[in-house]
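The values are calculated or read from the model by the stated rules, or taken from the named source; none is laboratory data. All values reported here derive from a predicted model rather than from experimental measurement. Here Cβ is always computed from backbone atoms with ideal geometry, including for glycine, and neighbour counts include all displayed protein chains.
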Amino acid sequence: MSATGTDTRQVVVVGGGIAGLAAAHRLLERGARVTVLEAADRVGGKLLPGEIAGVRVDLGAESMLARRPEAVGLAREVGLADRLRPPATATASLWTRGALRPMPKGHVMGVPGTAAALAGILSAEGLARIERDADLPRTEVGDDVAVGAYVAERLGREVVDRLVEPLLGGVYAGDAHRISMRSAVPQLFEAARTHTSLTEAVRALQDRAARTPATGPVFLGIEGGVGTLPLAVAASVRARGGEILTGTPASGLRRTPEGGWRLLAGDRVLHADAVVVAVPAPAAAALLETESPGAAAELRAVEYASMALVTLAYRRADAALPEGSGFLVPPVDGHTIKASTFASRKWGWIAEEDPDVLVLRTSVGRYGETEILDRDDADLVDLSRRDLRAATGLDAVPLRTRVTRWDGGLPQYPVGHHARVARVRDHVARLPGLAVCGAAYDGVGIPACVASADAAVDRLTGGLTAVRELTAHPVRSPHGGAGE
């Protein structure tokens, strides 16, 4: 496959989530012949459209960052431009210290640049602790540091418990005291390396953003649900001649003496010039074990958090809610849910589908919380309703409820994650015609997954030339194939 897209080479993409589908879409643009293998009976991974009480909703991720171009660009390419929708309201709250309080402005992933506007969220002692940051000696971040540990040292534990934890938990379902600042909040990590105090670093980021203000919404959804994006990409892949096989797990990935690849697709044997591995880390480790044991060992060490989404539909006349798009919940307050989205408020298209129905959802589960997710669906609904009643006063009986469980749904980015990813890619790069992509590497959001797919395709575009050069003189690897 040449950079000009004139050569037709066979590429197998393992994984039919948004990263794998984006890779397939891009490969077809470059002139490759593509087969996508997906073990599940559907494509889309963590993006899942559904319905409740006759209203279309998302049962997985519901929005995508619009300030990055990759996901929005892909949506436009596959015909969804006229269905992109900004939130009807983006005003969120924190449910903390017994009340819903407006989410403060002027922070970077919960890290404030000043103590202003934090009264009611933080105690007087917590507010004073922020002000002392400017007088503390500089704290080096080194090659990486945990977000929670660094922020607690500079600004106090309250900032972590009341602000950073709920925001990071909404993205990673993780523990702020384990999550890598370099991987999860890279702009803050870089600013902290060059400023004496943390509040100064945050204000510098805010000043930079003010000098070059972004236009347009921060987030976008899609009418009918973000879960329709992978369906549209899959339709585009098929329309261009790509093959997508669902219910077809991949195994037995091996290098061939000719410099290509052989793998099992269910009961079929496939041969390819190149392979893109776009599955979660455990499945990728199993697939790479023979040909790249070093990459497999690193991938096996990637941990995942599980969570559940509880979607509830009410008669609008019975369900008065506070203003805004929903709220986040600090774990320190001891509640079950970690967030709630007022979906019919946030997305105008949901409200328009049935004006008499109000849809909201809660999320349950963080890294290490296994006991709560062992409860059955009815218990999770009851616990969600209890917390919603305490937070908002909502005491109506829902028309319908749905519980969607995402077991092992979110990869964790602990301190040193960037170095682990670099080692994985170093091992993979030793095997021509092989690339990896997905949420386990450079970000869990939809744009980051699409970007990782684009980068994987870019690596293969040049790498397949090397494959052809190896054909005449294959190098025997200790694992039985040509390569390492």
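When the stretch 99-157 is filtered for residues that are of a type in the set (Lys, Arg) and under 19 Å from residue 195 (Cβ atoms), the ones remaining, listed by number, are 129, 132, 138, 154. With respect to (1) surrounded by fewer than 16 Cβ atoms within 10 Å (Cβ to Cβ); (2) under 30 Å from residue 337 (Cβ atoms), the lone exception for residue 300 is condition (2).
Among the residues making up the stretch 187-222, those that are in contact with a strand residue (DSSP E or B) (Cβ under 9 Å, 6 or more places away or on another chain) and in a helix (DSSP H, G or I) are 187, 188, 189, 191, 198, 199, 201, 202, 205, 206. The residue that is surrounded by the most Cβ atoms within 10 Å (Cβ to Cβ), counting only those in the stretch 149-184 that are of a type in the set (Val, Ile, Thr) and in contact (Cβ under 8 Å) with a residue 60 or more places away in the chain, is 179. Among the residues of the stretch 290-343, count how many are under 24 Å from residue 91 (Cβ atoms) and of a type in the set (Asp, Glu). Result for the stretch 290-343: 3.
Please enumerate the residues belonging to the stretch 199-233 that are in contact (Cβ under 8 Å) with a residue 24 or more places away in the chain and acidic (Asp, Glu). Passing the criteria: 200, 223. (1) surrounded by fewer than 20 Cβ atoms within 10 Å (Cβ to Cβ); (2) closer than 26 Å to residue 307 by Cα: which one isn't true of residue 64, the others all being true? For residue 64, the failing item is (1). Of the helices (runs of 4 or more DSSP H) entirely within the stretch 223-313, those holding at least 3 residues that are farther than 30 Å from residue 418 by Cβ occupy 228-239.
Out of all the residues in the stretch 18-36, which are over 22 Å from the mean Cα position of the chain (by Cα) and small (Gly, Ala, Ser)? Matches in the stretch 18-36: 31, 32. Residues of the stretch 122-162 being farther than 27 Å from residue 414 by Cα and part of a loop (DSSP other than H, G, I, E, B), which ones? Answer for the stretch 122-162, where residues must be farther than 27 Å from residue 414 by Cα and part of a loop (DSSP other than H, G, I, E, B): just 123. Within the stretch 314-342, the residues that satisfy the criterion of being aliphatic (A, V, I, L, M) and not in a strand (DSSP E or B) are 317, 319, 320, 321, 329, 332.
Being of a type in the set (Gly, Ala, Ser), surrounded by fewer than 23 Cβ atoms within 10 Å (Cβ to Cβ) and in the same structural domain as residue 27 (by TED's automatic domain parsing) is a description that applies to residue 247. So, in the stretch 131-140, how many residues would count as being crowded, with 19+ Cβ neighbours inside 10 Å and free of Cβ contacts under 8 Å to residues at least 60 places away in the same chain? So the count comes out to 0. Of the strands (runs of 3 or more DSSP E) lying entirely inside the stretch 348-459, not one carries at least 3 residues that are at pLDDT below 95, among the aromatic types (Phe, Trp, Tyr) and surrounded by fewer than 21 Cβ atoms within 10 Å (Cβ to Cβ). Scan the stretch 90-117 for residues that are touching a helix residue (DSSP H, G or I) at 6+ places or on another chain (Cβ under 6 Å) and not in a strand (DSSP E or B) and the total you get is 4.
The number of residues in the stretch 35-58 being outside any loop (DSSP other than H, G, I, E, B) and closer than 25 Å to residue 325 by Cα comes to 8. Filtering the stretch 67-89 to residues that are assigned to a helix (DSSP H, G or I), surrounded by fewer than 20 Cβ atoms within 10 Å (Cβ to Cβ) and hydrophobic (A, V, I, L, M, F, W, C) leaves only 81. All conditions in (1) free of Cβ contacts under 8 Å to residues at least 60 places away in the same chain; (2) in a loop (DSSP other than H, G, I, E, B); (3) closer than 26 Å to residue 364 by Cα hold for residue 61, with the sole exception of (1). Evaluating residue 267 against the criteria (1) farther than 28 Å from residue 427 by Cβ; (2) modelled with pLDDT of 95 or more leaves one unmet condition, (2).
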